[in-house]
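The numbers here are math on the coordinates, done by the rules we state, and not lab data. Here the structure is a predicted model, which is why all the values come from computation and not from measurement. Please note: Cβ atoms are built from the backbone with ideal geometry, for glycine as well, and neighbour counts cover all protein chains shown.
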């Protein structure tokens, strides 16, 4: 590897000036393609070298056919030369474009990451290589990146501390031409998920599952833990998704100042769309300690749906335009109703405090309450919610 000290110093200065790397790199900086890494095989070798602290991808489209592994590395940055993801495109046919294992403090910045693989992911953060081996994948940051993939960023069970900021996810079909889309960000049961100022959309003709999906303890390799310490703020979901944010088996989540806007309230032949689905799925304990505040929902069949949750709060959210004039699909996966601002499937008393929300201008008939309770139970605590004249805030129904 032609990495003289003088050349490394020049590279450090260049990457600091043009790729917007925060701080001063402590090791060598390698550009791709260059004499130090002229092809994918040599690039993989360079990425494994602990003396290298940054890989800088040059302008244009860089083609790959196999996964780029970040393996047994700490403090590595992979970034575009300008910091603008429009300028640097990573085009791959691999199932996972990048895969992080046994590594910590890995940063992706200023890249567009595309994969044409069936069910492919842009970045896979893998803390558990297989059912017989334990590993780790901690403190991965994704900044100012764009993803065109079935799954943009995916993390395995027991991954820790994934931070995503100022990025865009365009969710594609399972395979080329398929209308069945995936998710922007897929998280399992680990602690520490932070997603802010990012956008989630779907490719033309594709219906995605959700912009953000926290699967919790549903994966067989999970040990039944709930995902903890989630902070999801100031994101925009604006695509053909069934659910904006699907959050299962969480403990300690702040969902604040997000905008979720669908093209219409019902997925054709399926069921009504849901802005945020907060639920217990497979964990031994309830989803609880959640705060859903100052979010905006538009054209959702239900702005929010709670299923088997414990204590939490919902306040100062804007649900105007939610609900449907006609019932969605009856039977199967359909709700078979007109929707509303919120749907609450509860066991015993409601433990969610609902206060200060705007339930006006719903599209469901005025006889339908803003918050539909299943089964009919005592209304939730809370006050200061706004509704149109003649519409109840809470109302019971039988499952």
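Report, in whole Å, the centroid distance computed from the Cα atoms of region 330-399 and region 169-238.
26 Å
Pull out the extension gain between residue 234 and residue 381, defined as 0.36 nm times the separation in residues minus the alpha carbon to alpha carbon distance; nm, one decimal. Don't jump to the answer; show the numbers that get you there.
Working: separation 147, 0.36 × 147 = 52.92 nm, distance 2.67 nm.
Taking residue 234 through residue 381 to full extension adds about 50.3 nm, to one decimal.
For residue 48 and residue 194, calculate 0.36 nm times their separation in residues minus their Cα-Cα distance, and state this gained length in nm to one decimal. List each step's numbers first, then the result.
On the way: separation 146, 0.36 × 146 = 52.56 nm, distance 2.72 nm.
Answer, rounded to one decimal: 49.8 nm.
Per 10 Å bin, what is the whole-percent P(r) computed from every C-alpha pair distance within region 243-399?
Reading the bins upward from 0: 12, 45, 37, 5, 0.
Can you tell me the Rg and Dmax of the chain, counting just the alpha carbons, in angstroms?
So, for the chain, Rg and Dmax equal 22.6, 77 Å respectively.
Which value in deg cm²/dmol, rounded to the nearest 500, describes the helix-derived mean residue ellipticity at 222 nm for the chain, given -39,500 (n - 2.57) per DSSP H run of n ≥ 4 and division by the residue count?
Per the formula, -1500 deg cm²/dmol.
Below 8 Å, C-alpha to C-alpha, sequence gap of six or more: please give me the relative contact order for region 62-396 in percent.
Values: 1168 pairs, mean separation 29.7, N = 335.
For region 62-396, the relative contact order is 9 percent.
Any chance you could give the angle, 0 to 90 degrees and rounded to 10, that helix 5-18 forms with the longest Cα principal axis of the chain?
Long axis of 5-18 versus the principal axis of the chain: about 30 degrees.
Beta carbons within 10 angstrom, averaged per residue: use that to sort the peptides 209-221, 143-155, highest first. Don't jump to the answer; show the numbers that get you there.
Working: 209-221: 21.2, 143-155: 25.8.
With the highest mean Cβ count within 10 Å placed first, the list reads 143-155, 209-221.
Along the Cα→Cβ direction, 7 angstrom out, place labels at residue 282 and residue 355. What is the inter-label distance in nm?
Result: 3.7 nm between the two label points.
Just to verify a number: FRET efficiency for residue 269 and residue 367, C-beta to C-beta distance, R0 = 25 Å, to 0.05? Mind showing how you got there, number by number?
Working: r = 26 Å, r/R0 = 1.05.
Once the sixth-power term is evaluated, E becomes 0.40.
Hey, for a label at residue 388 modelled as a point 7 Å past Cα toward Cβ, could you say which residues of region 255-299 have their backbone N under 18 Å away?
265-266, 297-299
Identify the residues of region 71-96 with backbone N under 14 Å of a label point that sits 7 angstrom from the Cα of residue 34 along the Cα-to-Cβ direction, or state none.
Residues passing the 14 Å test: 77-82.
Rounded to the nearest 0.05, what FRET efficiency do residue 136 and residue 326 give with R0 = 45 Å and r taken as the Cβ-Cβ distance? Could you check? Don't jump to the answer; show the numbers that get you there.
Values: r = 50 Å, r/R0 = 1.11.
Efficiency, rounded to the nearest 0.05: 0.35.
Starting from the Cα of residue 345, step 7 Å along the direction of its Cβ; do the same at residue 104; then give the gap between the two resulting points in nm.
4.0 nm
Taking the highest mean first, how do the peptides 237-247, 342-352 order by number of other beta carbon atoms within 10 angstrom per residue?
On the way: 237-247: 24.9, 342-352: 18.4.
Top of the packing list down: 237-247, 342-352.
With labels modelled as points extended 7 Å from the Cα through the Cβ direction, what inter-label distance (nm, one decimal) is found for residue 86 paired with residue 311?
5.0 nm
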